[in-house]
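Participant: Have a look at this one.
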Amino acid sequence: MHTEEFLNLYRQLEQTLNDYYDHKPRSFSSSIMEFIHDDISEPYKERLDLCREVRNLLSHHALIDQEYLVTPSTHLIDTLKEVLAFLEKPPLAIDYATPFSKIMIASLDTPILKLMQQMKKKGFSHIPVLDHQQFY
């Protein structure tokens, strides 16, 4: 039963990625390979490549004596579900944003030497400069 669920999820992922890469320049004919080589897939690359290998094995050498050669693990099925969830509802910028209250800012008349000392102390390399509450 795991095998059919795995193959169905893999097909669903392929379709989702075909839609995602539609009208975008591609380096690979396989949408899965395109995703694996895309920076956004970083957390999933290795696991998804394993899923790809298992899927290829099941597709090209699926049965011996009417039995599947391999049975995908729950972990591989969960990987496909996780990638699908990520693609269907990707994280938003707000999920990674620094709250305004924690942003170090300067104004046009902030003394630079003191500001540079504070930035170094707090580990900032860049900060926004505001002019009357507007970004400069």
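The values are calculated or read from the model by the stated rules, or taken from the named source; none is laboratory data. Given the structure is predicted, the values throughout are model-derived calculations rather than measurements. Counting neighbours? That spans all protein chains shown, and the Cβs are built from the backbone with ideal geometry, glycine included. We work out accessible area using only protein heavy atoms, side chains counted, and drop any ligands, DNA or RNA first. Shrake-Rupley method; radii C 1.70, N 1.55, O 1.52, S 1.80 Å.
Participant: With axes computed from alpha carbons, what is the tilt in degrees of helix 2-21 against the longest principal axis of the chain, rounded to the nearest 10 within 0 to 90?
Facilitator: The two axes meet at around 50 degrees.
Participant: Limiting things to C-alpha atoms, what are the Rg and the maximum Cα-Cα separation (Dmax) for the chain, in angstroms?
Facilitator: My reading of the Cα-based Rg and Dmax gives 23.7, 80 Å.
Participant: From largest accessible area down, sort Met33, Met116; use a 1.4 Å probe on the protein chains. Please report the intermediate quantities before stating the final value.
Facilitator: Details: Met33 45, Met116 105 Å².
Ranking Met33, Met116 by accessible area, largest first, yields Met116, Met33.
Participant: May I ask you to evaluate 6.51 cos²θ - 1.76 cosθ + 1.60, the Karplus curve with θ = phi - 60°, for each residue of segment 88-102 and list the ³J(HN,Hα) values in order in whole Hz, giving x for glycine and proline?
Facilitator: Result, ordered by residue: 6, 9, x, x, 9, 4, 4, 5, 10, 5, 7, x, 3, 5, 9 Hz.
Participant: Eigenvalues of the Cα gyration tensor times 5, then square-rooted: what semi-axes does that give for segment 63-136, in whole angstrom, largest first?
Facilitator: Working from the Cα gyration tensor, I get semi-axes of 54, 14, 8 Å.
Participant: Residue by residue through segment 75-82, which ³J(HN,Hα) values in whole Hz follow from phi under the Karplus form 6.51 cos²θ - 1.76 cosθ + 1.60 (θ = phi - 60°), with glycine and proline marked x?
Facilitator: 4, 5, 5, 4, 4, 4, 5, 5
Participant: Counting every Cα pair in segment 1-43, what percent are over 13 Å apart?
Facilitator: 56 percent
Participant: With equal scatterers on the alpha carbons only and no solvent term, can you work out the Debye log10 of I(q)/I(0) for segment 19-94 at 0.13, 0.14, 0.21, 0.24 1/Å?
Facilitator: The Debye formula, applied to the Cα set alone, gives -0.48, -0.54, -1.02, -1.19.
Participant: Go through Tyr44, Pro99, Leu63 and say which Cα lies farthest out towards the positive end of the charge dipole of segment 31-102; charges sit on Cβ, +1 for Lys and Arg, -1 for Asp and Glu.
Facilitator: Final value for the positive-end residue is Pro99.
Participant: Assigning unit charges at the beta carbon (Lys, Arg +1; Asp, Glu -1) and nothing else, what dipole magnitude in debye, to the nearest 20, does segment 12-70 show about its Cα centre?
Facilitator: So the dipole magnitude of segment 12-70 works out to roughly 80 debye.
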